[in-house]
Amino acid sequence: QCDAAASHKSVPLPGIPGTTFERTLVFVKPEGVHRGLVSNIMGRWERRGFTLVACKLVKPSYELVRQHYNYMSERPFYDGLCEHMSESGPVLAMVWQGRDVIKTSRLMIGATNPLTAAPGTVRGDLAVHVGRNVVHASDGVIGAATEIQLWFRDEEIAQMDSAKNPWLYD
Ligand code: ADP
């Protein structure tokens with residue numbers, strides 16, 4: 001398990017079919033920081049049982065944001081999205097660790113458009129417009145590994161397992 005924790009890859013856990021030990025990138029967007037939603041959003045991952053292994057308040061460069069949202073480069077809102085993310089204020093970037101944290105985080109943030117995001121999700125509880133949907137979480141194993149490397153240096157990520165794990169997993 002420690003080897004798995006030390007890598008950015010999704011590693012199947014021996015003997016526990018269908019579960020994985022993973023890391024994912026979650027960030028609170030500038031509007032979430034300005035609105036004072038940081039502790040509400042962070043607390044959801046903490047209470048759920050995931051482990052915070054990296055966290056920083058940063059103003060990402062325009063280049064970083066363009067790279068992060070590169071897959072959106074043909075969309076009409078791409079330039080505006082990148083300007084908003086790099087110029088509107090800081091972003092709280094985090095790496096969360098735990099079994100199936102990538103998929104679970106996607107479920108926790110809710111649909112991209114808050115109008116269709118289920119109540120109980122971050123966007124379903126805290127947002128009303130797709131252009132200000134307050135949170136990001138990596139989509140998939142490759143995306144998570146790529147995004148963590150884009151936002152964090154290796155030495156910024158704690159190599160730790162959590163003492164609470166025996167109370168979370170059987
Ligand atoms: P998600 O953030 O749920 O992974 P996408 O990867 O599809 O969703 O989109 C990335 C981000 O681009 C969204 O979180 C949102 O900030 C922005 N975005 C997506 N669609 C729109 C849209 N129609 N208008 C404005 N911004 C959008």
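Return the calculated 222 nm mean residue ellipticity for the chain, to the nearest 500 deg cm²/dmol, obtained by summing -39500 (n - 2.57) across DSSP H runs with n ≥ 4 and dividing by the residue count.
Numbers: 9 runs with 67 residues, N = 170.
Helix contribution divided over all residues of the chain: -10000 deg cm²/dmol.
Please list, in chain and number order, the residues 5+ apart from Ser162 or on another chain whose amide H is under 5 Å from its amide H, with Hs placed from the backbone.
Long-range HN contacts for Ser162: none found.
Please return the longest stretch of the chain lacking exposed loop sites, where trypsin sites (Lys or Arg not before Pro) count only if DSSP places them in a loop and at most 12 other Cβ atoms lie within 10 Å.
Values: sites that count: Arg153, Lys164.
The answer is 1-152.
With every protein chain present, what is the per residue accessible area of the chain (1.4 Å probe, Å²)? Walk me through the intermediate numbers first.
Details: 8890 Å² over 170 residues.
In whole numbers, the chain has 52 Å² accessible per residue.
Starting at the first residue of region 66-76, write each ³J(HN,Hα) from the Karplus equation 6.51 cos²θ - 1.76 cosθ + 1.60 with θ = phi - 60°, in whole Hz, x for Gly and Pro.
Each residue's phi maps through the Karplus curve to give 4, 5, 4, 9, 3, 5, 9, 5, 8, 7, x Hz.
Which log10 I(q)/I(0) values does region 36-121 give at q = 0.22, 0.23 Å⁻¹ under the Debye formula, counting every alpha carbon as one identical point scatterer?
So the normalised log intensities are -1.28, -1.30.
Given a 1.4 angstrom probe, I'd like the percentage of the accessible area of the chain that is carbon and sulfur, rounded to a whole number. List each step's numbers first, then the result.
Details: 4970 of 8890 Å².
Percent of accessible area from carbon and sulfur atoms in the chain: 56.
Amide H to amide H under 5 Å from Cys55: which residues, 5+ apart in sequence or cross-chain, H placed 1.01 Å off N in plane?
When sequence neighbours closer than 5 places are left aside, the close amide H contacts are Val95.
For the chain, state the average projected area of the convex hull of the C-alpha atoms over all orientations, rounded to one decimal in nm². If you can, show how the numbers build up before the last one.
Values: hull surface 39.2 nm².
Orientation-averaged projected area of the Cα hull: 9.8 nm².
Just to check I understand the Karplus step: with θ = phi - 60° and J = 6.51 cos²θ - 1.76 cosθ + 1.60, what whole-Hz values come out for region 153-170, glycine and proline as x?
Taking θ as phi minus 60°, the curve returns 7, 3, 6, 7, 9, 5, 8, 8, 10, 10, 5, 7, 3, x, 8, 9, 10, 9 Hz for region 153-170.
The values are calculated or read from the model by the stated rules, or taken from the named source; none is laboratory data. Keep in mind that this is a model prediction, so the values were computed, not measured. Here Cβ is always computed from backbone atoms with ideal geometry, including for glycine, and neighbour counts include all displayed protein chains. For the accessible areas, the whole protein counts, side chains as well, though only heavy atoms, and no ligand, DNA or RNA atoms are used. Shrake-Rupley method; radii C 1.70, N 1.55, O 1.52, S 1.80 Å.
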